[in-house]
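*Asks:* Sharing a structure with you now.
The values are calculated or read from the model by the stated rules, or taken from the named source; none is laboratory data. Quantities reported herein were computed from a predicted structural model and do not represent experimental measurements. Methodologically, a virtual Cβ is constructed for each residue, glycine included, from the backbone with ideal geometry; neighbour enumeration extends over all protein chains shown.
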Amino acid sequence: MKDDRNHPLRDSHQDREAASHTPDTPQTRAPAYKLAYDDLDFMCRDELRPVRLQLELLKPELMMQEYGVESTVVLFGGARIPEPAKKDDARTKTLADLSKFYDEAREFARLLTLRSKVNNHRENVVVTGGGPGVMEAGNRGAEDAGGVSIGLNIVLPHEQAPNEYVTPDLCFNFHYFAIRKMHFLMRAEAIAIFPGGFGTLDELFESLTLIQTGRMKKVPILLFGRDFWTKIVNWEALSDAGTISAEDLELFKFVETAQEAVDAIDNWPSREARDELPGR
């Protein structure tokens, strides 16, 4: 991270280094003597949660700014969906059948990254959760195109390690789901959602809610796999019941292939209106 100090005062790195060479005494060994910002036990106290939230928002924000990322295309989807070559290892037949979406996610990311390379990876950079399954496919497709991609990983009991295709300088790790989801959507120009589980559903419905309530500008939301999504969610029933408006069903579009998704983004009904919006 850049150091843009323009003042003559001693910086925190220098004091951190100096403090590591202080004489070993009962006083210097006491927890109270540690520099506050260099004391992990202190930083993890419950009272410091607001500070940790701020740090988790700031670190990826500053590093993506420094890298030059201006906008993204988000890929959400299941960590358990295998690539087709490994579908025989899937725990269910349904997962094996859904493996085709690994290839579609990979191709979708490849096509987008070819575009992103034209503007030096500043716009429409692919971002995933950085894990396995569909997330891996997205980062892998960006690498296929010779480009970069972002991974927003999170510490979980399982499936938390970043996949090998995330660009290392854009591979982030989170403790707070809420801050992670903010980073997914803060630069989003489109959102592609592949079959998945609770986490994918959470990401889908939060995105729809933010757009429905006007808390986020309208961007294309693409649901890969009509059969999957209409089986697990009765969208029409929500409209018929009046719990959502009929117009809300136009906030998203079903697609089956990567090229269909790219075409949908290019021809999204509100695209001109979105392009006229002032920058964030």
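*Asks:* Within segment 138-180, which residues are touching a helix residue (DSSP H, G or I) at 6+ places or on another chain (Cβ under 7 Å), assigned to a helix (DSSP H, G or I) and closer than 24 Å to R49 by Cα?
*Replies:* The answer is I179, and nothing else.
*Asks:* What's the number of the condition R187 fails, among (1) more than 13 Å from the chain's Cα centre (by Cα); (2) surrounded by fewer than 21 Cβ atoms within 10 Å (Cβ to Cβ); (3) of a type in the set (K, R)?
*Replies:* Among (1) more than 13 Å from the chain's Cα centre (by Cα); (2) surrounded by fewer than 21 Cβ atoms within 10 Å (Cβ to Cβ); (3) of a type in the set (K, R), the lone unmet condition for R187 is (1).
*Asks:* Can you tell me which residue within segment 190-243, out of those that are surrounded by fewer than 16 Cβ atoms within 10 Å (Cβ to Cβ) and polar (S, T, N, Q), is farthest from A90 (Cα to Cα)?
*Replies:* Taking the candidates together, the pick is T213.
*Asks:* Something else now. Kindly provide the set of residues from segment 224-258 that are of a type outside the set (D, E) and in contact with a Pro (Cβ under 9 Å, 6 or more places away or on another chain), ordered by number. Even if it seems obvious, please write down each step before you answer.
*Replies:* Restricting attention to segment 224-258, the residues satisfying the condition of being of a type outside the set (D, E) are 224-226, 228-235, 237-239, 241-246, 249, 251-255, 257-258.
Correct list: F224, G225, F228, W229, I232, F252, K253.
*Asks:* If you don't mind, there's one more thing I want to ask. Just one of the numbered conditions (1) surrounded by 13 or more Cβ atoms within 10 Å (Cβ to Cβ); (2) modelled with pLDDT of 95 or more; (3) part of a helix (DSSP H, G or I); (4) charged (D, E, K, R) is not true of E66; which one?
*Replies:* That leaves (1) as the condition not met.
*Asks:* Within segment 247-265, can one find any residue that is more than 24 Å from V134 (Cα to Cα) and loosely packed, with under 11 Cβ neighbours inside 10 Å?
*Replies:* yes
*Asks:* Given the structure, is P31 under 21 Å from K181 (Cα atoms) and exposed (fewer than 11 other Cβ atoms within 10 Å of the Cβ)?
*Replies:* Details: under 21 Å from K181 (Cα atoms): no; exposed (fewer than 11 other Cβ atoms within 10 Å of the Cβ): yes.
In short, no.
*Asks:* Here is a follow-up. Limited to segment 153-184, what total is found for residues that are under 25 Å from E107 (Cβ atoms), loosely packed, with under 15 Cβ neighbours inside 10 Å and at pLDDT below 95?
*Replies:* Residues flagged as under 25 Å from E107 (Cβ atoms), loosely packed, with under 15 Cβ neighbours inside 10 Å and at pLDDT below 95 within segment 153-184 amount to 1.
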